[in-house]
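Undergrad: Below is a structure I'd like to ask you about.
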């Protein structure tokens with residue numbers, strides 16, 4: 001694993017900083033407006049004796065202008081701004097660390113109001129900008145190949161803390177590509193298991209859609225296969241993409257890679273996914289990390305093809321991204337991934353070999369750790385990449 005070179009400088013704030021009159025240390029424990037819908041903010045302002053349009057103004061400042069303080073809301077009366085700052089917090093955290101990869105990927109360590117931190121990743125592509133967001137601090141699932149599981153589980157994120165990651169990524173998109181840049185896709189594939197934080201995940205999706213204007217069809221939620229939550233999600237009938245981290249076509253092997261598989265057997269998981277596709281009419285994506293000598297043989301490919309043949313399904317083959325703290329796994333060679341893909345397609349199952357992004361900054365799948373600790377190689381030059389780092 002390689003890190004950035006020696007490039008430290010103060011991060012430019014994405015928006016104006018709060019004035020001393022509009023900020024209080026107690027804001028860390030105040031109720032947050034970020035995470036509330038426009039309708040909820042309007043009702044709150046009406047309870048304060050304000051007209052409904054004031055609530056709409058505040059919502060626009062939070063979600064459209066990405067305001068960090070009430071002091072920035074200059075079309076509100078000063079008395080209202082002072083009243084709001086005395087009783088509420090917008091709920092924005094602080095970017096503690098930023099790393100930029102040679103491929104344009106930017107990983108951000110976001111400090112939360114209670115001192116915890118999570119990582120999110122800005123992913124620029126030709127024609128679209130995406131962000132990978134976290135839903136928990138740490139992760140209780142502890143997949144064998146994933147760095148996040150080493151943290152253990154700390155807590156669930158709120159809907160507002162999930163949405164904030166999109167706002168932060170939007171700041172980065174504007175900085176990197178200009179005022180017209182827009183986050184168009186959101187993948188819930190960062191730290192944590194989204195379906196073990198289902199209520200906040202669903203509310204965050206709805207806010208991203210209604211308040212940020214990102215199509216629900218441009219949202220992807222990943223899960224290792226929490227069967228009761230998959231069935232609950234089907235009842236919502238929301239047109240997002242469900243991605244199931246399968247990683248093995250056999251129960252015993254899957255239990256070794258994904259410990260939660262002991263609770264949710266493979267056959268029951270596939271049945272739940274079949275029912276989900278029938279109810280929603282939406283194709284299910286199956287994520288499959290390619291581990292050399294573990295799950296990447298043609299026998300595994302044929303078995304996977306037999307399981308998914310005839311299903312409304314697509315398989316993403318993900319090259320393993322190594323972590324220094326995890327031993328025993330190696331990435332499958334590219335030619336083996338290609339053979340695996342071809343075997344799946346011979347079985348009638350469509351598959352895509354994913355190209356890793358941000359691997360040099362530990363921003364790729366399975367590499368998010370969400371901590372400033374343990375970065376021993378800080379300051380080393382990345383091999384072949386002009387990477388950079390910013391800290392506050």
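Bear in mind these aren't lab numbers, they're just calculated from the coordinates by the rules spelled out. None of the values given here were measured: they were computed from a predicted structure.
Undergrad: Normalising by the residue count of segment 114-370, find the relative contact order in percent from Cα pairs under 8 Å and 6+ residues apart.
TA: Relative CO of segment 114-370 lands at 19 percent.
Undergrad: Can you give the direction-averaged projected area of the convex hull of the alpha-carbon atoms in segment 114-370, in nm²?
TA: So the Cα hull casts an average projection of 13.2 nm².
Undergrad: I need to check one value: relative contact order of segment 20-87, counting alpha carbon pairs closer than 8 Å and at least 6 residues apart, in percent.
TA: 36
Undergrad: Can you tell me what share of the DSSP beta bridges in segment 260-344 is antiparallel? A percent to the nearest 5 is fine.
TA: So the antiparallel bridges in segment 260-344 amount to around 10 percent.
Undergrad: Taking all pairs of different Cα atoms in segment 216-359, averaging 1/r and flipping that mean, what Kirkwood radius in angstroms comes out?
TA: Kirkwood hydrodynamic radius for segment 216-359: 15.5 Å.
Undergrad: With the radius of gyration and the Kirkwood radius both derived from the Cα set of segment 20-87, what is their ratio Rg to Rh?
TA: 0.92
Undergrad: If you don't mind, there's one more thing I want to ask. Note down the relative contact order for segment 161-246 as a percent, whole number, built from C-alpha pairs under 8 angstrom at least six residues apart.
TA: This gives 27 percent for segment 161-246.
Undergrad: If you don't mind, there's one more thing I want to ask. On a full-extension model of 0.36 nm per residue, what is the gain between residue 82 and residue 215, subtracting their alpha-carbon distance, rounded to one decimal in nm?
TA: 44.4 nm
Undergrad: Suppose the Debye formula is applied to equal point scatterers at every Cα of segment 133-286; what is log10 I(q)/I(0) at q = 0.09 Å⁻¹?
TA: -0.29
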